[in-house]
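Since every read-out is calculated from the coordinates, none of them should be taken as a lab result. Since this is a predicted model, take the numbers as computed values, not measurements. Positions of Cβ are backbone-derived with ideal geometry, glycine not excepted, and every protein chain shown enters the neighbour counts.
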């Protein structure tokens with residue numbers, strides 16, 4: 001299919017843009033057999049995985065039909081995969097930090113191919129022996145054209161065999177009653193001759209289990225390796241209505257809302273519910289949260305396991321912001337539909353109170369009639385209710401401050417900040433929220449608490465925290481400010497190696 005920047009989709013056969021003029025993405029499924037007429041000077045980026053084999057790599061690079069005639073490609077991989085490539089270098093004299101060369105990648109994928117073939121030798125030998133055992137002979141065949149095979153169904157025969165590590169060749173020889181090589185003239189002899197060449201150095205785990213029991217045993221082993229997270233059982237808390245939804249636009253600060261709304265600073269809420277995040281300077285973002293948005297379950301001790309994803313926020317002229325639940329945002333959005341009908345309500349409203357969607361603030365899209373700078377600043381995704389009757393749609397206004405956007409996005413577990421240049425993200429935003437190494441490490445912990453640890457590697461937030469951690473190490477900043485004014489010393493050497 002073809003997708004344009006406005007996210008309109010066409011079938012590939014009716015695409016208005018030819019493949020040679022588009023950015024083409026081949027997923028793993030279409031890296032084999034797909035053929036598109038790319039630009040003669042096209043450049044491809046091939047991603048490498050930890051289990052990539054030679055055949056898959058050659059097929060992926062083969063999408064560039066003109067490699068020798070103007071087209072080119074680059075290889076890229078995560079640091080963890082790059083470490084595997086460097087570890088598999090045959091020349092041990094090459095330093096580990098040396099540049100990865102194409103021959104290193106070829107050695108890596110060939111090694112994976114050898115391991116893949118070796119892991120399938122065991123199953124190949126088992127199937128050959130089964131065929132040899134059930135093969136029709138003159139002495140075993142019956143009138144119906146079938147032979148008898150002893151079926152062991154007892155639990156002792158199925159599960160009693162001990163699991164051991166051995167070579168594929170030894171495992172094949174041990175299947176014969178005599179314990180040695182198979183007798184001549186059988187299929188097993190041919191299997192054994194091949195295994196003597198290719199299976200001497202391939203080790204496998206064998207047992208007395210049959211094929212079905214082997215699969216059960218492997219499934220149990222996989223389940224043991226999985227880390228199961230079981231959240232405490234809790235009952236959801238029902239949200240309560242505000243006394244007057246229009247009051248959101250009639251106050252100058254979030255703290256002036258009625259007490260029944262339950263407004264509190266985001267820093268206070270996290271300090272009471274999620275331990276270990278005190279080092280992050282949440283107060284600098286001037287972000288508040290309502291009771292409906294913060295209290296998700298009736299059991300307060302389990303709130304850290306049931307943090308609500310936040311997507312809507314109110315920003316006030318003072319620079320303070322209020323996080324809303326989706327239900328609260330729905331009620332506030334209804335005010336826009338009738339903002340030109342209730343004159344009495346408009347007279348009470350104060351100018352400058354805006355409603356914004358966090359997802360569009362973090363990853364802005366062009367709004368009709370706006371400039372790219374407007375989208376980057378969030379001005380095209382913040383709605384401002386007119387304080388007096390006026391014709392036309394709701395007015396566009398400046399969005400929340402960048403520090404408030406960064407604070408709310410980090411609280412949401414976000415790690416990518418396309419709305420901010422990287423230098424601005426580090427110098428103007430994160431350097432304020434993360435004053436020391438403990439705070440920088442706490443951000444990664446919050447990402448795991450939110451349930452998105454996979455978002456951390458290679459993200460904008462990880463790269464920014466690495467810059468700050470190195471800066472803290474060079475400056476020797478080893479203390480963490482605490483809310484009550486005291487300081488807790490933190491060894492810098494441990495900070496750099498800490499995962500939390």
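General remarks:
- Proxy reagent accessibility, fewest Cβ within 10 Å first, across 416, 310: 416, 310
- Estimated inter-spin distance, residue 101 and residue 55, nm [label 7 Å along Cα→Cβ]: 2.9 nm
- Taking the fewest neighbouring Cβ atoms within 10 Å as the starting point, the ordered list for 293, 31 is 31, 293.
- With a Förster radius of 56 Å applied to the C-beta separation of residue 39 and residue 253, the computed FRET efficiency comes to 0.50.
- FRET efficiency for residue 334 and residue 117, using Cβ-Cβ distance with R0 set to 45 Å, rounded to 0.05: 0.10
- Length added when fully stretched, residue 27-residue 12, from 0.36 nm per residue minus Cα-Cα: 3.9 nm
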